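Worksheet: the structure to be examined is printed underneath.
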């Protein structure tokens, strides 16, 4: 790959709208974003009940706002102001809106969809209007003030990366994230699985700075126009950045017991009810029930009632995400930069 292609097809872009959407992800799921935990708590305390309800509704149907970022990538929204991007959403076709809001859930059996997901299917125009109203409201009442504070650092990060890129493009891109690798052959993203893209399969690469997205390696792969987010540290980072995310700690505690760990493995390959597990493990029913309760509270297993029996199954997605959560925890010192 020659530098001329990189200079033409790689872009560093400041996007206030994307930064706003990543801030909504943090508000809906702050436990992994320790540097932003204090900001999230203070902001949520100032939310009205109606705004909280809207925040968590849209987070629920968009996979914590990640599906919505895919929609922004697909539309290739290039805005100077947040309001400009929100206005573009009014022109989005209902079918396209539904597809990206629900992501994989759009293809699920209708009988397994949640009430929230089904409402998007049945009333896309109404939900889109509600979303647009919420985004305007959130921006005017909360995010505009935060954007005013962080915008200089975001723009500064873009200029600094461009300067490094103009001198050594491959080396500059390779510093975007500890699990984002760039070389002359192409790109690699190390997440729950490894994604590799030769340069000849990529139309463009856009790098967006964000003070919210760490420690996630957030990558848009919906099209051959790939996006990746560059963490920008803030001098006002929360002192809790060196703590352990509570959900990760609870999950590790749940797995740190031989019987429960064996149980998770057994339930990964087949569902069992309580009495079957009593027979399998030769333990008292009360003991099995206690283990199941701990595992279910940590969301590593799920339950499904069939007649008089409740069957349990390991959540493969959550098990897979454990590796990602651990990577993100160990990424924190590498992402934290002193200003």
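What follows draws every value from the coordinates through simple rules; no lab data is involved. This one's a predicted model, so the numbers in the text were calculated from it and none came from an experiment.
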query: Which angle from 0 to 90°, rounded to the nearest 10, does the C-alpha axis of helix 124-138 make with the longest principal axis of the chain?
result: 70 degrees
query: With axes computed from alpha carbons, what is the tilt in degrees of helix 316-335 against the longest principal axis of the chain, rounded to the nearest 10 within 0 to 90?
result: 40 degrees
message: Just to be sure I understand, if you calculate P(r) over Cα pairs in 10 Å bins from 0, in percent for this structure, which of (i) 5, 22, 29, 26, 13, 4, 1; (ii) 6, 28, 36, 23, 7, 1; (iii) 5, 19, 21, 15, 12, 10, 8, 5, 2, 2, 1, 0, 0 do you get?
response: (i)
message: If I fit a long axis through the Cα atoms of helix 16-28 and take the longest principal axis of the Cα atoms of the chain, what angle between them do I get, 0 to 90°, rounded to 10?
response: 20 degrees
- request: Starting from the Cα-Cα distance between residue 285 and residue 5, subtract it from 0.36 nm times their residue separation and give me the gain in nm to one decimal.
  value: 94.3 nm
